[in-house]
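The values are calculated or read from the model by the stated rules, or taken from the named source; none is laboratory data. Values in this document were obtained by computation on a predicted structure and should not be read as measured data. Note: ideal-geometry Cβ built from the backbone for every residue, glycine included; neighbour counts use all protein chains shown. In case anyone asks, the SASA skips ligands and DNA or RNA and just uses the protein heavy atoms, side chains included. Shrake-Rupley method; radii C 1.70, N 1.55, O 1.52, S 1.80 Å.
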Amino acid sequence: MAQDRKGNRDKRDRNEDSEFVDKLVGINRVAKVVKGGRRFGFAALVVVGDQKGRVGFGHGKAKEVPEAIRKATEAAKREMIFVPLRSGRTLHHDVDGRHGAGKVHLRSAEPGTGIIAGGPMRAVFETVGIQDVVAKSIGSSNPYNMVRATFDALKRQMHPKDIASQRGLKYSTLQERRRSLIGSEE
């Protein structure tokens with residue numbers, strides 16, 4: 001980061017930082033046993049997103065908490081993915097994701113539903129910009145596995161235009177089918 005002699009960041013760096021929202025999911029104190037006793041360190045899990053469909057997560061380890069958080073944030077910014085959102089607020093379709101023993105099920109929701117999800121998954125949804133979703137965690141409650149399983153599910157999320165092109169249909173035809181299905185449920 002570029003700094004002047006007083007230690008202030010310039011405008012370019014401030015705008016870059018304000019573009020992203022970061023959430024600290026968890027901090028672990030880890031110990032390494034050595035001849036003289038124990039050496040303590042910290043591991044941080046951070047989720048970073050722009051609340052417009054881009055999101056990433058990172059893991060950082062250091063001797064001090066702020067340094068671990070900084071490393072995790074930088075790692076999250078390097079490994080970002082794009083998630084297509086319907087109306088900028090929810091998922092296009094229901095999807096499952098898994099990582100190790102952690103499994104998650106994500107469902108799109110009506111406007112006004114809010115985020116119905118547990119801790120680590122909630123952090124991911126808030127940073128990606130999803131406002132209405134219902135999620136269920138099945139299996140492992142380990143935050144690392146839950147975040148990775150959620151990312152696996154979000155990577156499987158497809159925009160209807162991509163599905164239409166794979167099936168050789170027009171996007172409008174696919175949308176008409178969706179509307180007719182929704183109309184028949186009511």
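For residues that are out of contact with any Gly (no Cβ under 8 Å at 6 or more places or on another chain) and part of a strand (DSSP E or B), scanning just the stretch 41-66, find the one that is farthest from residue 90 (Cα to Cα).
Here is the first cut: in the stretch 41-66, the residues out of contact with any Gly (no Cβ under 8 Å at 6 or more places or on another chain) are 41-42, 54, 57-60, 64-66.
If we keep only those that are part of a strand (DSSP E or B) as well, we get 41-42, 54, 57-60.
Working: 41: 38, 42: 34, 54: 14, 57: 20, 58: 24, 59: 26, 60: 30 Å.
The extreme case among them is 41.
Take residue 110 and decide whether it is under 19 Å from residue 20 (Cβ atoms) and open to solvent by 50 Å² or more (accessible area, probe 1.4 Å).
Working: under 19 Å from residue 20 (Cβ atoms): no; open to solvent by 50 Å² or more (accessible area, probe 1.4 Å): yes.
No.
Output the residues belonging to the stretch 47-74 that are in contact (Cβ under 8 Å) with a residue 24 or more places away in the chain, over 25 Å from residue 86 (Cα atoms) and not charged (D, E, K, R).
Selection gives 59, 65, 68, 69, 72, 73.
Yes/no matrix, rows are residues, columns are (1) under 12 Å from the mean Cα position of the chain (by Cα); (2) surrounded by 11 or more Cβ atoms within 10 Å (Cβ to Cβ); (3) of a type in the set (S, T, N, Q); (4) modelled with pLDDT of 90 or more:
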position: 13; (1), (2), (3), (4): no, yes, no, no
position: 33; (1), (2), (3), (4): no, no, no, yes
position: 37; (1), (2), (3), (4): no, no, no, yes
position: 42; (1), (2), (3), (4): no, yes, no, yes
position: 45; (1), (2), (3), (4): yes, yes, no, yes
position: 49; (1), (2), (3), (4): yes, yes, no, yes
position: 56; (1), (2), (3), (4): yes, yes, no, yes
position: 63; (1), (2), (3), (4): no, no, no, yes
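Does residue 122 meet the test of being open to solvent by 80 Å² or more (accessible area, probe 1.4 Å), under 21 Å from residue 50 (Cα atoms) and not hydroxyl-bearing (Ser, Thr, Tyr)? Outline the logic, then answer.
On the way: open to solvent by 80 Å² or more (accessible area, probe 1.4 Å): yes; under 21 Å from residue 50 (Cα atoms): yes; not hydroxyl-bearing (Ser, Thr, Tyr): yes.
Taking the combined requirement at face value, the residue satisfies it.
Can you report the number of residues in the stretch 67-91 which are among the hydroxyl-bearing types (Ser, Thr, Tyr) and part of a strand (DSSP E or B)? Break it down stepwise before answering.
Looking only at the stretch 67-91, we keep the residues that are among the hydroxyl-bearing types (Ser, Thr, Tyr), and these are 73, 87, 90.
Imposing the further condition that a residue be part of a strand (DSSP E or B) reduces the set to 90.
Counting residues in the stretch 67-91 that are among the hydroxyl-bearing types (Ser, Thr, Tyr) and part of a strand (DSSP E or B) gives 1.
With respect to the numbered conditions (1) surrounded by fewer than 19 Cβ atoms within 10 Å (Cβ to Cβ); (2) modelled with pLDDT of 90 or more; (3) not acidic (Asp, Glu), which one is the sole condition not fulfilled by residue 88?
Of the numbered conditions (1) surrounded by fewer than 19 Cβ atoms within 10 Å (Cβ to Cβ); (2) modelled with pLDDT of 90 or more; (3) not acidic (Asp, Glu), the odd one out for residue 88 is (2).
From 62, 75, grab the single residue that is of a type in the set (Gly, Ala, Ser) and over 15 Å from residue 48 (Cβ atoms).
62
Name the pairs: first residue in the stretch 157-172 and surrounded by fewer than 13 Cβ atoms within 10 Å (Cβ to Cβ), second residue of a type outside the set (Phe, Trp, Tyr) and assigned to a helix (DSSP H, G or I), Cβ to Cβ under 7 Å, at least 6 apart or on different chains?
The qualifying pairs are 170/164.
If I ask for residues that are buried (at least 19 other Cβ atoms within 10 Å of the Cβ), β-branched (Val, Ile, Thr), out of contact with any Gly (no Cβ under 6 Å at 6 or more places or on another chain) and over 17 Å from residue 26 (Cβ atoms), which ones from the stretch 125-155 would you list?
Selection gives 130, 133.
Do you know which of the residues in the stretch 110-140 that are hydroxyl-bearing (Ser, Thr, Tyr) and more than 13 Å from the chain's Cα centre (by Cα) is nearest to residue 88 (Cα to Cα)? Full working, then the answer.
Going residue by residue through the stretch 110-140, those that are hydroxyl-bearing (Ser, Thr, Tyr) are 113, 127, 137, 140.
Remaining after also requiring more than 13 Å from the chain's Cα centre (by Cα): 113, 137, 140.
On the way: 113: 14, 137: 23, 140: 30 Å.
Within the stretch 110-140, the match that is nearest to residue 88 (Cα to Cα) is 113.
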